[in-house]
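In what follows, a single structure is set out as structure tokens and then discussed.
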Amino acid sequence: MIRVKMIANYRDVLPPGSVNGVVELDVPEGVTVYDVISRFDIPLNDESVIVLNGLTVEMDTPLKEGDTVTAFSAIAGG
């Protein structure tokens with residue numbers, strides 16, 4: 001099981017029942033950051049910051065049990 005955490009306005013893309021902006025997913029072995037994050041309706045460009053366990057990684061990084069993928073907007077409102 002891995003966790004996907006959305007921060008700020010990205011929380012709106014999570015399914016009902018997610019708690020504190022986090023949803024837990026069962027994913028097959030070999031799934032990547034991109035595979036998981038592309039399930040959600042967020043921009044996959046410079047607007048978004050995607051981190052794995054708090055570190056910036058390539059989108060083709062494979063996930064393992066217990067990982068947390070976090071996404072948030074790099075563009076702050078003012």
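Every number here is computed from the coordinates shown, using simple stated rules; none is lab data. Quick caveat: nothing in here was measured; it's all calculated off a predicted structure. Backbone-built Cβ (ideal geometry, glycine too); neighbour counts: all protein chains shown.
Details
- Residue tally, condition under 16 Å from Met59 (Cα atoms), small (Gly, Ala, Ser) and surrounded by fewer than 15 Cβ atoms within 10 Å (Cβ to Cβ), over segment 17-49: 2
- Every residue from segment 34-78 that is of a type in the set (Gly, Ala, Ser) and over 9 Å from the mean Cα position of the chain (by Cα): Ser48, Gly54, Gly66, Ser73, Ala74, Ala76, Gly77, Gly78
- Selection from segment 50-64 of residues that are among the aliphatic types (A, V, I, L, M) and either surrounded by 10 or more Cβ atoms within 10 Å (Cβ to Cβ) or over 21 Å from Glu29 (Cα atoms) (or both): Ile50, Val51, Leu52, Val57, Met59, Leu63
- The set of residues from segment 56-65 being in contact with a strand residue (DSSP E or B) (Cβ under 6 Å, 6 or more places away or on another chain) and not in a loop (DSSP other than H, G, I, E, B) comprises just one member, Pro62.
- Among the residues of segment 1-55, those identified as within 15 Å of Asp67 (Cβ to Cβ), assigned to a strand (DSSP E or B) and either free of Cβ contacts under 8 Å to residues at least 12 places away in the same chain or not hydrophobic (A, V, I, L, M, F, W, C) (or both) are Arg3, Lys5, Glu24, Thr32, Leu55.
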